[in-house]
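Here the structure is laid out as C-alpha cells; the discussion comes afterwards.
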There are 4 protein chains.
Amino acid sequence: MSGNSIGQNFVVTTFGESHGKALGCIIDGCPPGLMLNEADMQQDLDRRRPGTSRYTTARREADEVQILSGVFEGKTTGTSIGLVIQNTDQRSQDYSNIKDQFRPGHADYTYQQKYGLRDYRGGGRSSARETAMRVAAGAVAKKYLKQVHGIDIHGYLSALGPIEADKVDLAQVEQNAFFFPDADKLVALDDYMRDLKKSGDSIGAKVSVVATNVPVGLGEPVFDRLDADIAHALMGINAVKGVEIGDGFEVVNQKGSEHRDLMSPQGFASNHAGGILGGISSGQPIVAHIAMKPTSSISVPGESMTVQGEESEVVTKGRHDPCVGIRAVPIAEAMLAIVLMDHLLRHRAQNADVHSETPVIGMR
Amino acid sequence: MSGNSIGQNFVVTTFGESHGKALGCIIDGCPPGLMLNEADMQQDLDRRRPGTSRYTTARREADEVQILSGVFEGKTTGTSIGLVIQNTDQRSQDYSNIKDQFRPGHADYTYQQKYGLRDYRGGGRSSARETAMRVAAGAVAKKYLKQVHGIDIHGYLSALGPIEADKVDLAQVEQNAFFFPDADKLVALDDYMRDLKKSGDSIGAKVSVVATNVPVGLGEPVFDRLDADIAHALMGINAVKGVEIGDGFEVVNQKGSEHRDLMSPQGFASNHAGGILGGISSGQPIVAHIAMKPTSSISVPGESMTVQGEESEVVTKGRHDPCVGIRAVPIAEAMLAIVLMDHLLRHRAQNADVHSETPVIGMR
Amino acid sequence: MSGNSIGQNFVVTTFGESHGKALGCIIDGCPPGLMLNEADMQQDLDRRRPGTSRYTTARREADEVQILSGVFEGKTTGTSIGLVIQNTDQRSQDYSNIKDQFRPGHADYTYQQKYGLRDYRGGGRSSARETAMRVAAGAVAKKYLKQVHGIDIHGYLSALGPIEADKVDLAQVEQNAFFFPDADKLVALDDYMRDLKKSGDSIGAKVSVVATNVPVGLGEPVFDRLDADIAHALMGINAVKGVEIGDGFEVVNQKGSEHRDLMSPQGFASNHAGGILGGISSGQPIVAHIAMKPTSSISVPGESMTVQGEESEVVTKGRHDPCVGIRAVPIAEAMLAIVLMDHLLRHRAQNADVHSETPVIGMR
Amino acid sequence: MSGNSIGQNFVVTTFGESHGKALGCIIDGCPPGLMLNEADMQQDLDRRRPGTSRYTTARREADEVQILSGVFEGKTTGTSIGLVIQNTDQRSQDYSNIKDQFRPGHADYTYQQKYGLRDYRGGGRSSARETAMRVAAGAVAKKYLKQVHGIDIHGYLSALGPIEADKVDLAQVEQNAFFFPDADKLVALDDYMRDLKKSGDSIGAKVSVVATNVPVGLGEPVFDRLDADIAHALMGINAVKGVEIGDGFEVVNQKGSEHRDLMSPQGFASNHAGGILGGISSGQPIVAHIAMKPTSSISVPGESMTVQGEESEVVTKGRHDPCVGIRAVPIAEAMLAIVLMDHLLRHRAQNADVHSETPVIGMR
C-alpha cells in the first residue's frame, strides 16, 4: 500500500488535494443492508466544515458529499461505496507566494524531497482538507456501530492552549463553536481567541474522544491491538503529536495498586485502562486523548528556505484556523469509528464460533 | 491479518506463548546480501533478557536465538528468515492459582471473552515474553539501517515514577541496569526500587527513543504517516498507554511561533517536530516518548472475579518486574527500527526515480 | 480487504455498478513525475468501449475518464490518483424483468445469497462494465512501464469458438474489430458471428497477452510469484475460466527434455516457460492465455428460479456481446500491466542494493 | 509483503530452504477451540513425503511436524500457530556441481539475478520441499472446514503424460502410489514410469481437485473472487503452468446455451461453472484442474551457462521425481483448503448480519 488506505476489513481509501477538482474516497467492506444516504454523512461534514465560525478559516466550502455507488434503493449492497465532494472555493492565488519556498513547520519541504515536486496550492495532499473524506467515511461507520451495536462515539475539546475543561458536560459540546464541554470557560475561550487572532499567531489544543457500549473482545494481538490501531489512526490526523489511551502519561507516576482497575461480577470499579486490556476491548468506555500542535500557518514572519536552497522569510497569507484543534473533534470521532468498525468485522471473521461461559461485565 | 504481523515490505510475524515450547518469528522482506548471524541479535536480546539484575523478574532465560532459514554462507538471501528461541525456565506451577480467575489490569478477562479459552500460563500470548522476538527482528533492521544508511537508534529510561532524568547522557545509558541517562539519579533509583519491592507494588515509567541520520522522505501520506506507524508500533508494546512525537503533549499550550522549526540552508534551527513533518521524515532526529503503565502483577491483594463469574481476591505470585519500563528500552528501539526499515523499503518502491533539486539539510 | 483492490505497491481500488451514477477508481502508489492526462487512458478505454462494432453490445457509453486528483501541472505527484467515468446510457427498464429471478450462469443467485440483496440493474457490480476502470488504471501502468523500462504489452484474440488464429501478426490486431491476429480468418469470423447473432446464442473465446522487455527478477517467492499474481489478475476478469502461462496445459504431455528452455550466453533457445522461472521473470517474453466463457445473457430460453424460490424461465433481453472475449483483449492487457507495475515496485523495495555479476540474457 | 504469506484472514507464512536447518510456518487467524495435534497434519504430510515409492525421489525425510505455539490443552487458542519440520537427509554434496552454473528450466538464473546470490543447495527456497509446510497448514484448514461445515476436499492425478483417467473413482485414489482414480490404467502407468526412469527424462501431469459442501457466498468481488484466489494459490505451486475452473479451456468452443448451468428449486442441472458464479461460490462442487510441467532436473545433458556467463553443459545429478505431478496432489488439496478457509473467514467479517429469503440449492 502507498498509504492512502486504512483498515483491513472495513477499508477506507481517499484521494484529493486542497485545491484539486474534488475529494473522494472508497469504502470497501461495509456490510450490506445498512440504510444509508448523503444526509447521514452531511451532519458530521457540517461539524467539520470551514467557515462556520469566526474561530475557523474563512474558506467557504459546501462540502456536499455525493454517493456514486454501493447503495441501491437506500441500502448498502456490500459492494464498494464511492463518495465524492467537489471543491468550490479554491482561490489558488492566495498560495502563489509559497510556490518557490517552504513554510516552516509544514510538509512543503518533506513532500518536495520525497516526490521531487509538489502541489503547492494550499498544501495539496497534505492539507487538512483531505480529512473531509475521513469524516464522511467515519459517519458510515458511526451509523453502523450505533444501529447494530448501540455504540456511541463522542469527542470534545478538553483544552485550548492554557484553558482546560474542568468538567465534561457532553450535552454542552454541541452548544458552542469550540466543541467545549465546560460552559464556564466559554467567555475565556472567546477572549483568548480574539487576542490570538490579533497577534496573527496560533495555539495548540487537546482533543478527547470516548466510545461507549463497545463489546468486549475487539482487538488483535500482538501488533494490531485495538489501542495500537487507535494510536495509528489518531496520530495520522494532521497536526497530532501525541496520543493517550485512558490515563496516558499519568501512568508514569502511578503505582500498580493505583492503576489497575479492580473488577467484580458487578463490573469494573474504575477505568484507568481506558477500556482496553492487553490490546483488546474490555467493555469499559474507550477513552483516548490527542495533542494537536498549533498550525504553522501564521502571519508572524519566519526564517525559511527556497526550493532552490536560498535563505528566505515566510509570512503565510491565505485563510487558516488559529486553532486547528477545534475542527479536529469530528475528525477524531471519525477515525475512532473507522478503527472500531474495522476491528468489529475482523473480530467476527475469526471468532464467530466462540461461546464464553464467563458473564460479560461493564462499569459498576 | 489476524494481528501477529507488522510491516508491509519488511514484515515481521511472531508466535509463541510465555510457557509454550518456543518463541519464533519470520522476517519477510529483508534485502539480500546483509551479513547476519545469531550474535547480531543476541546483543539486544541480552539487554532485554530477564534475570539480569535485581530490578527485573527472577525468571532465567538464556534467550538464545537460532536462525533456521534465509541466511546462506553468512549472508541474507532475500528469502524469509525463520528465527526461534526455545523456552527453558517455565515453572508453570507458579501460575496454577490464576487458572480460574482473572488478574485485574491483565488481559486474562479480555482473552477469555474474545477466544472462549486462554493459555493462562504466565499470560500465554499476552505475556511480554513475546517481545523477545521483536527485539531479535529489530536487531536485523538496526543492523541494515546502520550499515546501509548510518542510522543510529538509541533508547533510554527518561523517568521512573517520580524520578526524572535531568540530563540525557547516552554514554551513561548502557552503564547502569536502568538504561538511565542521568548518573546523578542512580542512587535515588536504587533506593526507590528497594522500597518498591518491599511494598510488593510496581511503578510506571517513561521511555524515550531517538533515531539519527534518518534520510528525508520516509513516510506515506495520509494514513501510513511515519509518525502514525511509529505510534502503532510503540502503542503495540505491552503496557504502553501513551505515545509522543517530538514535543508531544507540550504542544497543547504552545504558540505556532514557538512550535514551528525555522529552517535555512544551514539546517533546522530546532526540533519541536521530532523529525517528522506532514508524516514524512525531515532529516531531523526522530524523537518519540512512551508512557509505560505499572505492571498489575503485584502481591498487593486485589478484588477480582472467577472465570465462572464469582467474586474473588487475587494476589499475583510468580516472578515479575516491579517496573516493566526498564526492559522496554530495547523493545522500543526494536519497534522503531522495524518501522523505519519498513518505510525505507516502501519509500524505495515508489520513489526510486525521484531527483530533487533542493539541497538536503539537517540540524544546524 | 473486501476485494475491490488489487496490488500491494501499485494499488488499484475500483467502485461502480453497471447502472449507477458513475464508475471510479483510486490508483495508490503511482510514482511521481509521470506525464499523465486523460488522453493516455482514453485510447485503451475506446478499444474496450461498447457500441463500437456490430459484434458488441449496442449500449453506447462515451466512457470519458476524468482525473480528479494526483496530477499537478501535467505530472503525477506521487499521491493517490482519483479517476471517474460518468454513466450515461443506462436504460434500466431493460432489466426490470430479471428483478425477481436469477439468470442461469450469472452472479444473480450468488450475490443474492451472499448479500441478501442485489442491484439487479444490468448485473450491478458484477457487470463487465466495471472493467472500464481497470482499463483506465492499466493504461497508467502501461505508460510507466513503456516509458521507464521500454516494456510493451499486446493482447489479441487467439480463438473465437472453433476459429483459431493460425498465425500471429500483431500489426493486424488493431486493424479489425476482433483484435484477431490472422487476417485470413476475418471473413470466417464475420460469417460465424452473423449466424451466431441470428441464433441468439453466444460463444467462448481464447485471448492471449504478451509482455516484452520485462526485466529479469520480477516476482516474489513463494506465494506471490509473478505467474501466480498474473493468474489471480486474469482469472479475476469476468467470464474467465482458465489461465495458462507459456505452454500451459500442453506441458501435461511434454518431456522434461522438450519443455526446459536451454540457455547460453547468447540467450534462451526457446520460451516454453512463458518468461517465468520459479515465479520470477527471466527476461524472456511473458506469455499468458485465458479462456473466456460464452456469456449467459442470450435470448435462448433457460430454466431458472425466482428470488422466492419458484420455478421460472428466463429469456435475457437487453444489449449483450455475443462474444465477450473480443472486448476482453484490452482488459487482459490492463491486468497484466497492473501486475507487472506492482511487481516492478515491489522488486525495487527489497532489491535496490543488488548487484549481480551474471550477465543478463534475453532470447537468442 | 515480500511474498511468503498467503491469505488475509487465515494467513499462512512459510520459511525454509531445501537444505537448511528446518522448514517452518506460522498460521495466523485460525479460530480458537479447534481440537488440533501433530497427527492431524502428519497424515497429509506422509502423502506428500518423498521416498514413499519408487516413482518419487529417493530422498528420505521423516517430515515430522512439531507444534510450537497456538495450541493449549489440545485446542487452538486463536493466537498464531508456529509449526516446524527439521531437515534430516540433506546430502548437500549432491548439488555441489550446480554451484557455479544454472540448470535450464530452473529458478537458479532468476534467483541469481534477483538477489545477487542464491542458496544453490537443492534449489534452496525454490525447492518443492517448501511445499511441506503448505501441506501442514492446509491440513489445519481441512480439519476446520470438515468439522465446522462438512466440506470435503479431494485431489487426484487426472493425467500423467499421455495416460488419462477415463473414470474418476475417488475410493481408488488412495489405493495406489499415483493418486490415480482409474484402476484400469495402473499397469500402463507402471510401465510408462519404468521406461521414463530408464531414459533419465521426466514427464508432465494434470492434477484435479474438488471441494464439496462449500456454502454459497464465498468470494469477494471484484479482484479477490474465489476463482481468482484459487488460481493464485494453485499457480503458486512449483511447476504449475495452467489453472482451470470447471470446464476451463473447453469453454473456448462452447455456446452460451451449452455452458450455462440451468437451475431450479431442485438444484443446479449441471456444473460447467465448477461451482463459482461471478467469483462467488454457488453451492455446486468446486472443481479445479492444474497443469504440472515435467521437472527440468533430468540426467539428459542440456546446454546452459555459468554464473560468470560462460557456456556450459548441465547434467542434473541428485534425487528427483520423474513426475512431480504425483506428489502435487496433496499440495493442491492444501492450497484449495487454505483459500476456502480464508474466504470463509472473510465472508463472515462482512456478512454476519445477512439473511436471504431465497432457499439455498445444491446439485440435483
Unmet criterion (only one of (1) touching a Lys or Arg at 6+ places or on another chain (Cβ under 9 Å); (2) at pLDDT 95 or above; (3) more than 30 Å from B:Thr358 (Cβ to Cβ)) for B:Val207: (1)
Top-ranked residue of the stretch A:104-121 - restricted to ones that are charged (D, E, K, R) and either open to solvent by less than 10 Å² (accessible area, probe 1.4 Å) or not in a loop (DSSP other than H, G, I, E, B) (or both), ranked as nearest to the other protein chains (Cβ to nearest Cβ): A:Lys114
Given (1) under 30 Å from D:Glu130 (Cα atoms); (2) of a type in the set (Ser, Thr, Tyr); (3) free of Cβ contacts under 8 Å to residues at least 12 places away in the same chain, index of the condition D:Ser257 fails: (1)
Verdict on B:Asn271 being within 19 Å of B:His154 (Cβ to Cβ), at pLDDT 95 or above, open to solvent by 10 Å² or more (accessible area, probe 1.4 Å) and not basic (Lys, Arg): yes
Qualifying residue in the stretch C:194-212 (condition: within 20 Å of the chain's Cα centre (by Cα) and among the basic types (Lys, Arg)): yes
Qualifying residue in the stretch C:249-257 (condition: among the hydroxyl-bearing types (Ser, Thr, Tyr) and farther than 29 Å from D:Ile203 by Cα): no
Given (1) within 20 Å of the chain's Cα centre (by Cα); (2) away from chain C (no Cβ under 13 Å); (3) surrounded by 21 or more Cβ atoms within 10 Å (Cβ to Cβ), number of the condition D:His19 does not satisfy: (1)
Meets criteria (closer than 24 Å to A:Thr316 by Cα, hydrophobic (A, V, I, L, M, F, W, C) and modelled with pLDDT under 95) for A:Ala128: yes
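Yes/no per residue for (1) modelled with pLDDT of 95 or more; (2) open to solvent by 20 Å² or more (accessible area, probe 1.4 Å); (3) assigned to a helix (DSSP H, G or I):
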| site | (1), (2), (3) |
| --- | --- |
| A:Thr52 | no, yes, no |
| A:Gln66 | yes, yes, no |
| A:Gly123 | no, no, yes |
| A:Gly138 | yes, no, yes |
Residues (open to solvent by 20 Å² or more (accessible area, probe 1.4 Å) and small (Gly, Ala, Ser)) located in the stretch A:284-308: A:Ser299
The stretch C:273-282: number of residues that are assigned to a loop (DSSP other than H, G, I, E, B) and at the interface with chain D (Cβ under 8 Å from one of its Cβ atoms): 5
Matching entry among A:Ala137, A:Ala132, A:Ala107 (being free of Cβ contacts under 8 Å to residues at least 40 places away in the same chain, in contact with a strand residue (DSSP E or B) (Cβ under 6 Å, 6 or more places away or on another chain) and among the aliphatic types (A, V, I, L, M)): A:Ala107
Scan of the stretch D:12-34 for residues that are free of Cβ contacts under 8 Å to residues at least 60 places away in the same chain and out of contact with any Cys (no Cβ under 9 Å at 6 or more places or on another chain), ordered by number: D:Asp28, D:Pro32, D:Gly33
Residue selected from the stretch A:1-14 under the condition open to solvent by 10 Å² or more (accessible area, probe 1.4 Å) and more than 8 Å from chain B (Cβ to nearest Cβ), by the criterion nearest to A:Gly236 (Cα to Cα): A:Gly7
Count of residues meeting criterion [out of contact with any strand residue (DSSP E or B) (no Cβ under 8 Å at 6 or more places or on another chain) and farther than 18 Å from D:Glu250 by Cα] in the stretch D:270-279: 1
C:Phe249 being more than 20 Å from D:Met235 (Cα to Cα) and touching a strand residue (DSSP E or B) at 6+ places or on another chain (Cβ under 8 Å): no
Single unsatisfied condition, A:Leu160 versus (1) within 14 Å of chain B (Cβ to nearest Cβ); (2) hydrophobic (A, V, I, L, M, F, W, C); (3) open to solvent by 30 Å² or more (accessible area, probe 1.4 Å): (3)
All positions within the stretch B:154-191 that are of a type in the set (Val, Ile, Thr) and under 17 Å from the mean Cα position of the chain (by Cα): B:Val173
Segments classed as helices (runs of 4 or more DSSP H), wholly inside the stretch A:166-263, with at least 2 members that are more than 7 Å from every other protein chain (Cβ to nearest Cβ) and surrounded by fewer than 24 Cβ atoms within 10 Å (Cβ to Cβ): A:170-173, A:186-199
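The values are calculated or read from the model by the stated rules, or taken from the named source; none is laboratory data. Because the structure is a prediction, the values reported are computed rather than measured. Virtual Cβ from ideal backbone geometry, glycine too; neighbours counted across all protein chains shown. For the accessible areas, the whole protein counts, side chains as well, though only heavy atoms, and no ligand, DNA or RNA atoms are used. Shrake-Rupley method; radii C 1.70, N 1.55, O 1.52, S 1.80 Å.
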